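Single-structure report; data block below.
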Amino acid sequence: MNRPGSAPVRDAPAGARPDRDAGVEGLRIAGLARLSTCDWPGRLVATVFCQGCPWSCGYCQNADLIPPRGPAPLAWREVTALLRRRVGLLDAVVFSGGEPTMQPALATAIDEVRALGFAVGLHTSGAYPDRLVPLLPLVDWVALDIKAPASRYPAVTGRAASAERAFASLAHVLASGVEHEVRTTIDPAVLDATALAELADALTAAGVRTFAAQRLLRRDPATGIAVAAAEPPADFLDTCAARFPGFTYRSAR
Ligand code: SF4
């Protein structure tokens, strides 16, 4: 586990510096999970859900986090007050969303969390590769969504050019040396056998070694009940197990 002061040194590209001018009290937070054992596998964490996301995935389980401003924001000082009471009880804090890298105040929030002695994890869709670069040396672990092969990205995110951004972020994460997991939620409506084969090829070509395929859970808007989508094809899972040494399949989350 990396802790403040013992994190490996990783170079950011010249000129890429975190924005620490943004007031951390301006960080837009939609919620806080006080204890999670799955947001960073193997760690006990609190998870901060950041408001705002530039994409619009059809299966988004946090669709109320997509608008840049939410109805009931949580103040950063409330989060840090809770975290101070959890020192020694939690391993880490994970910034999730929404898309945390959308907000310039994220770097300062990470600094403050590290100063309390917590390791820091980051969940990102990779929508902002240029903002991600200076954040990578600040965190201990990244979970990066690669949602589809490039040809199917807009069908998942609802946004043109989202593939270019996500795959640029993937290259940055792999080059940084930060501990990470690349993950894909398998939506059978978009990722048919052809697309899954393209995805496995794209991840292999990029040099991915740690990959998690996640079965899609769709929440019924009327009942709120989550229903699992069909399992991915077995030959896709076999291909992933053969190609990625750190492969995990999560059949339901
Ligand atoms: S990138 Fe994540 S938070 Fe944004 S719409 Fe897609 S699933 Fe939801």
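The values are calculated or read from the model by the stated rules, or taken from the named source; none is laboratory data. A quick note: this is a predicted structure, and the numbers were derived from the prediction, not measured. Glycine also receives a Cβ, built like all others from the backbone with ideal geometry; neighbour counts cover every protein chain displayed.
Sub-7 Å Cβ pairs linking a first residue in region 190-207 that is on the phi > 0 side of the Ramachandran plot to a second residue that is part of a helix (DSSP H, G or I) and at pLDDT 95 or above, at least 6 apart or interchain, are G207/L174, ordered by first then second residue. The condition (being within 24 Å of D187 (Cα to Cα), within 14 Å of the ligand (Cβ to nearest atom) and surrounded by fewer than 16 Cβ atoms within 10 Å (Cβ to Cβ)) is satisfied by just one residue among G58, G97: G58.
Looking only at region 32-55, which residues are touching an Asp or Glu at 6+ places or on another chain (Cβ under 6 Å), within 15 Å of I110 (Cβ to Cβ) and away from the ligand (no atom under 15 Å from the Cβ)? Result: V45, single match.
Go over the candidates A206, A241, A195 one by one and state the one that is more than 28 Å from V139 (Cβ to Cβ) and of a type in the set (A, V, I, L, M).
Sole residue among the options that is more than 28 Å from V139 (Cβ to Cβ) and of a type in the set (A, V, I, L, M): A195.
Scanning region 182-196 for residues that are more than 12 Å from the ligand (Cβ to nearest atom) and farther than 20 Å from R131 by Cβ yields I186, P188, A189, V190, L191, D192, A193, T194, A195, L196.
A quick yes/no check of all residues on (1) part of a loop (DSSP other than H, G, I, E, B); (2) in contact with a Pro (Cβ under 7 Å, 6 or more places away or on another chain); (3) within 16 Å of the ligand (Cβ to nearest atom); (4) among the small types (G, A, S):
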position: A127; (1), (2), (3), (4): yes, yes, yes, yes
position: R131; (1), (2), (3), (4): no, no, yes, no
position: V142; (1), (2), (3), (4): no, no, yes, no
position: A148; (1), (2), (3), (4): yes, no, yes, yes
position: S151; (1), (2), (3), (4): no, no, no, yes
position: A155; (1), (2), (3), (4): no, no, yes, yes
position: A166; (1), (2), (3), (4): no, no, yes, yes
position: A175; (1), (2), (3), (4): no, no, no, yes
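Selection of first residues in region 233-253 that are exposed (fewer than 12 other Cβ atoms within 10 Å of the Cβ) and of second residues that are β-branched (V, I, T) and at pLDDT 95 or above, restricted to Cβ pairs under 8 Å at least 6 apart or on distinct chains, gives the following pairs, ordered by first then second residue: P245/T210.
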